[in-house]
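Scroll down for the structure; my scribbles are underneath it.
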Amino acid sequence: MSTREGAVGRAMAFFDDGGFERLLSDLVAVPSTSQEEAGAPALAAYLGEAMQPWLERLGFEVSISPNPLPGFGPILSAIRIEDPARPTVLLYGHGDTVRGLEDQWRAGLSPWKLTREDGRWYGRGTADNKGQHALNLAALEAVLAERGGRLGANVKLVIETAEERGSRGLREFIAMHAKELAADALIASDGPRVEPEVPTIATGTRGTYHFDLVVKLREGGVHSGHWGGLTTDPAILLAHALSTIMDRDGKILVRDWLPRQGVPPRVKAVLEGCPVGGGDGAATIDPQWGEPGLTSAEKIYGWNSFIVLAMVSGRPENPVNAVAPDARAHCQIRYTVDAEPDRFEAALRAHLDAHRLEDVRIENAFIRMPASRTAPDHPWVGWAQASVARTLNKRVQIIPSSSGGLPGDVFVDHLGVPLVWIPHSYNGCKQHGPDEHLLISAAREGIASFAGLWWDLGEPGTPERG
């Protein structure tokens, strides 16, 4: 007789016996970076050679489509319908990675080879995102095996290959295929847990808004001895502009960027007692930095942040004795759905002008990924929380926004689904940099969690269909 315990046990046996490690090793070996033109063939290979045969064995009807936008990677969609009257969950993942950065990994590690060391699996894509969606599919396979090939529910899947380039083309693809991809909820995995040991559910993500601050005063540099102290230095103007945007302790001073009503009460409630950590020494949590009066969890999951991603004036790698002609900073705002990004540029322009910084221009302002959020008390969120807690016998922390960017807004806008992100990684995984890795302990809990979720999806007690 098939049982929930049997399904979770099958998933754990596959994991503990090395099956998942072998699977992940094969996936990591595909150098599917979307940030280099040479990676294009590997993007297609990841979908067509690594994913499609596996999904077809699981009973999915699989299609691989060109990206609606030229120059971006293909998109896989897969559908497995058992009974249209039963709930349907949409699963999402991305098969593309950032650049390998081969020369920056420490000795003994390679981005395209899985290496097990000290409770971690190293390799590009282990955490972001191959390891995460592979865990979910391996758990589904275990449940299907336990139930004799049936799930008792329906599953649809989208795997894109342009997430690391802003999910370009995904919105257009989902809009074109909204009818066939209709579902009751999106339940997927990406991003980090709040702490490595704390199972987490995120119901959305903060958005990312980018812009350049530019000071250009002349066509070329002028001699620093002849002109220093006489002509305006663009770098100094840029530094003053940045200092008016954020104070010494990280408080945003352009107050029109921030949520008008502060952190909403429902967000505050769900974040009460929420831990934040797990950086593994890569960074520190500095209590004085950021908005006064907010907890660390509220700052990162319920508030906006401003970051200078890059800045330059002159030639730092080879300085010359000259007053530089220009200075530039590329900046980012991470914002929640409670902010108004369509007002960001105008608010900044008025702010700079009020500080006599008319020579500081704002250029190339755009939203890279919009913010999204499902109510933390949505029935599907509560259902998933209860399922994971039952499997792991642990408290499951709900957060209203993942700390990183994800294209949840696309699925909300075109499919109207609630968002249930269940991450299997942690803040210290070094995604986007050298030595990316997946914690084996968190991955083990991840495959167990999803085995329980898939089993429960086929049982009575799922939220009523909207």
Mean Cα-pair separation over length for the range 239-303, i.e. relative contact order, pairs under 8 Å, 6 or more apart, %: 40
Per residue, how much accessible surface does the range 207-302 expose to a 1.4 Å probe? Answer in Å², no decimals. 53
Tell me the carbon and sulfur percent of the accessible area for the range 1-40, rounded to whole percent, probe radius 1.4 Å. 52
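Assuming a ≥ b ≥ c are the square roots of the Cα gyration tensor eigenvalues, decide whether the range 391-466 counts as rounded (a/c under 1.5), prolate (otherwise, with a/b larger than b/c) or oblate.
oblate
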Roughly how many Å² is the accessible area per residue of the range 385-426, as a whole number, for a 1.4 Å probe? 29
Between ALA175 and ARG260, how many nm apart are label points set 7 Å from Cα along the C-beta direction? 2.7
Rounded to the nearest 0.05, what FRET efficiency is calculated for GLU464 and LEU217 with R0 set to 60 Å and r the Cβ-Cβ distance? 0.40
In the structure displayed, which of LYS130/LYS179; LYS130/LYS430; LYS251/LYS299 lie more than 19 Å apart, Cα to Cα? LYS130/LYS179
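For the range 334-466, what % of the accessible area comes from carbon and sulfur atoms, probe 1.4 Å?
Here it works out to 47 percent.
From the helices alone, meaning DSSP H stretches of at least four residues, give me the mean residue ellipticity at 222 nm for the chain, per-run term -39500 (n - 2.57), in deg cm²/dmol to the nearest 500.
Taken over the chain, the calculation gives -8500 deg cm²/dmol.
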So if we plug the beta-carbon distance of MET1 and LYS394 into 1/(1 + (r/R0)^6) with R0 = 22 Å, what FRET efficiency do we get, rounded to 0.05? 0.20
Report, in whole Å, the centroid distance computed from the Cα atoms of the range 397-457 and the range 210-251. 41
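Which trypsin sites (Lys or Arg not before Pro) in the range 85-166 pass both tests, a DSSP loop state and at most 13 other beta-carbon atoms within 10 Å?
Hits after loop and neighbour filter: ARG106.
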Set the Förster distance to 56 Å, then compute FRET efficiency between LYS113 and ASN321 from the Cβ-Cβ distance, nearest 0.05. 0.75
Dipole in debye (nearest 20) - the chain, about Cα centre, beta carbon charges: Lys, Arg +1; Asp, Glu -1: 460
Angle check, please: helix 234-245 long axis (alpha carbons) against the longest principal axis of the chain (alpha carbons), in degrees 0 to 90, nearest 10. 50
Mind checking the full-extension length gain between TRP227 and ALA347? Use 0.36 nm per residue of separation minus the Cα-Cα distance, one decimal, nm. 39.8 nm
For SER243 paired with ALA269, estimate the spin-label separation in nm (one decimal), with each label point 7 Å from Cα along the Cα-to-Cβ line. 4.4
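What part of the accessible area of the range 195-269, given as a whole %, is carbon or sulfur when the probe is 1.4 angstrom?
That share works out to 54 percent.
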For the Cα atoms of the chain, what angle does the longest principal axis make with the long axis of helix 344-354, in degrees from 0 to 90, nearest 10? 20
Relative contact order %, the chain, counting alpha carbon pairs below 8 Å whose residues are six or more apart: 26
How large is ³J(HN,Hα) for each residue in the range 134-150, as worked out from phi by the Karplus curve 6.51 cos²θ - 1.76 cosθ + 1.60 (θ = phi - 60°), to whole Hz, x for Gly and Pro? 5, 4, 5, 6, 5, 5, 4, 4, 5, 5, 4, 5, 5, 9, x, x, 10
The chain: angle of helix 440-457 to the longest principal axis, Cα-based, in degrees nearest 10: 60
DSSP loop trypsin sites (Lys or Arg not before Pro) in the range 336-411 with at most 14 other Cβ atoms within 10 Å of their Cβ, which ones? ARG356, LYS394, ARG395
Suppose all protein chains stay in the model; what accessible area per residue would a 1.4 Å probe give for the range 38-137, in Å²? 39
Taking GluC sites (Glu not before Pro) that fall in a DSSP loop and have at most 16 other Cβ atoms within 10 Å as cut points, what is the longest piece of the chain between them? 359-463
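The values are calculated or read from the model by the stated rules, or taken from the named source; none is laboratory data. Just so we're clear, the structure is a prediction, and the values are computed from it rather than from any experiment. We place every Cβ from the backbone using ideal geometry, glycine too, and count neighbours over all the protein chains shown. Just the protein is used for accessible areas: all its heavy atoms, side chains included, with ligands, DNA and RNA removed. Shrake-Rupley method; radii C 1.70, N 1.55, O 1.52, S 1.80 Å.
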